[in-house]
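A short worksheet on the structure shown next.
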Amino acid sequence: MLSSCIDSTAANDKMLLLEQLYTNTRLSLVVTVINASLLATVLWRNTDTALVKKWIILVIIITLMRFILVNSYTKQLPLKPDKTDIWYKRYFAGAFLAGSVWGIAGFMLYPENSVAYQVLIVFVVGGMVAGAVPLLSPALEVFLVFSLSALAPVIIRFLMINDELHAVMAVMTFIFMLMMYNSAKHMNTHLKTSLRLVIKMMTS
């Protein structure tokens with residue numbers, strides 16, 4: 001009896017956290033398109049134009065795919081418990097693609113001859129990761145895959161330059177990533193506690 005209650009609570013937690021993820025996504029899709037468009041506009045004359053064009057097209061494609069995913073999920077509500085895992089995996093894959101597209105920007109669109117534009121790219125990518133903390137904190141694995149796929153290529157790009165300045169920037173970016181994960185972890189803990197209190201109140 002106790003085991004079934006625990007399983008039921010865990011299942012409810014997972015479904016509610018998944019709903020939080022999908023609910024939070026629409027705003028992030030809009031922000032993604034706006035920030036990507038602004039970054040592409042700035043970089044248009046300062047890096048390979050063909051690469052910038054391909055990158056912004058990739059951003060639009062992935063954003064549309066995630067928009068369709070969110071709409072499909074919404075149509076399935078209320079979600080059956082046995083469908084939770086598949087919708088979680090789909091969201092996880094979408095977060096990986098979303099993070100990767102920012103990682104591509106940090107690696108492929110990196111203007112070697114302009115420190116100012118290098119800082120701009122890091123600022124934008126770092127801002128997307130920071131903005132993802134409250135949006136993706138319902139699932140730490142999702143936040144982790146997003147932040148790693150976005151920031152790891154930037155760190156690698158810094159290290160490839162092989163000078164003291166960029167080595168320091170690589171270390172600072174890594175520390176920033178750890179801090180963002182720690183923030184997401186704290187938010188995840190508080191969110192789970194709040195959800196369990198709500199469920200307890202509703203069932204008591």
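From the set of residues in the stretch 77-120 that are polar (S, T, N, Q) and at pLDDT 90 or above, which is farthest from Leu159 (Cα to Cα)?
Across the stretch 77-120, the extreme among qualifying residues is Thr84.
Among Ile156, Ile175, which is the only one that is within 24 Å of the chain's Cα centre (by Cα), surrounded by 13 or more Cβ atoms within 10 Å (Cβ to Cβ) and more than 22 Å from Glu19 (Cβ to Cβ)?
That would be Ile156, the only listed residue that is within 24 Å of the chain's Cα centre (by Cα), surrounded by 13 or more Cβ atoms within 10 Å (Cβ to Cβ) and more than 22 Å from Glu19 (Cβ to Cβ).
Looking at Val101, Val125, Val145, which one is buried (at least 18 other Cβ atoms within 10 Å of the Cβ) and either in contact with a strand residue (DSSP E or B) (Cβ under 9 Å, 6 or more places away or on another chain) or under 14 Å from Ala184 (Cα atoms) (or both)?
One residue alone meets the criteria, Val145.
Of Met160, Met187, which residue is in contact with a Pro (Cβ under 7 Å, 6 or more places away or on another chain) and of a type outside the set (Gly, Ala, Ser)?
None of the other options fit; the residue is Met187.
In the stretch 65-88, which residues are over 14 Å from Thr23 (Cα atoms), in a helix (DSSP H, G or I) and free of Cβ contacts under 8 Å to residues at least 60 places away in the same chain?
Matches in the stretch 65-88: Met65, Asp82, Lys83, Asp85, Ile86.
Going by the structure shown, is Ile57 at pLDDT 95 or above, under 21 Å from Gly131 (Cα atoms) and among the hydrophobic types (A, V, I, L, M, F, W, C)?
No; evaluated as a whole, the condition is false for this residue.
Give the residues of the stretch 12-26 that are under 14 Å from Ile68 (Cα atoms) and surrounded by fewer than 17 Cβ atoms within 10 Å (Cβ to Cβ), sorted by residue number.
Scanning the stretch 12-26 gives Thr23, Arg26.
Given the criterion without any contact (Cβ under 8 Å) to a residue 24 or more places away in the chain, of a type outside the set (Phe, Trp, Tyr) and in a helix (DSSP H, G or I), identify the matching residue among Ala130, Ala105, Ala93.
Ala93
Given the options Ile155, Ile199, name the one that is in a helix (DSSP H, G or I) and at pLDDT 95 or above.
Answer to the selection: Ile155.
Could we say that Ala50 is of a type in the set (Gly, Ala, Ser) and at pLDDT below 95 here?
Taking the combined requirement at face value, the residue satisfies it.
For the stretch 108-117, enumerate the residues that are assigned to a helix (DSSP H, G or I) and touching a residue at least 60 places away in the same chain (Cβ under 8 Å).
Listed by number, the list holds a single entry, Tyr117.
The values are calculated or read from the model by the stated rules, or taken from the named source; none is laboratory data. Fair warning: this is a prediction, and the values are worked out from it, not measured in the lab. Virtual Cβ from ideal backbone geometry, glycine too; neighbours counted across all protein chains shown.
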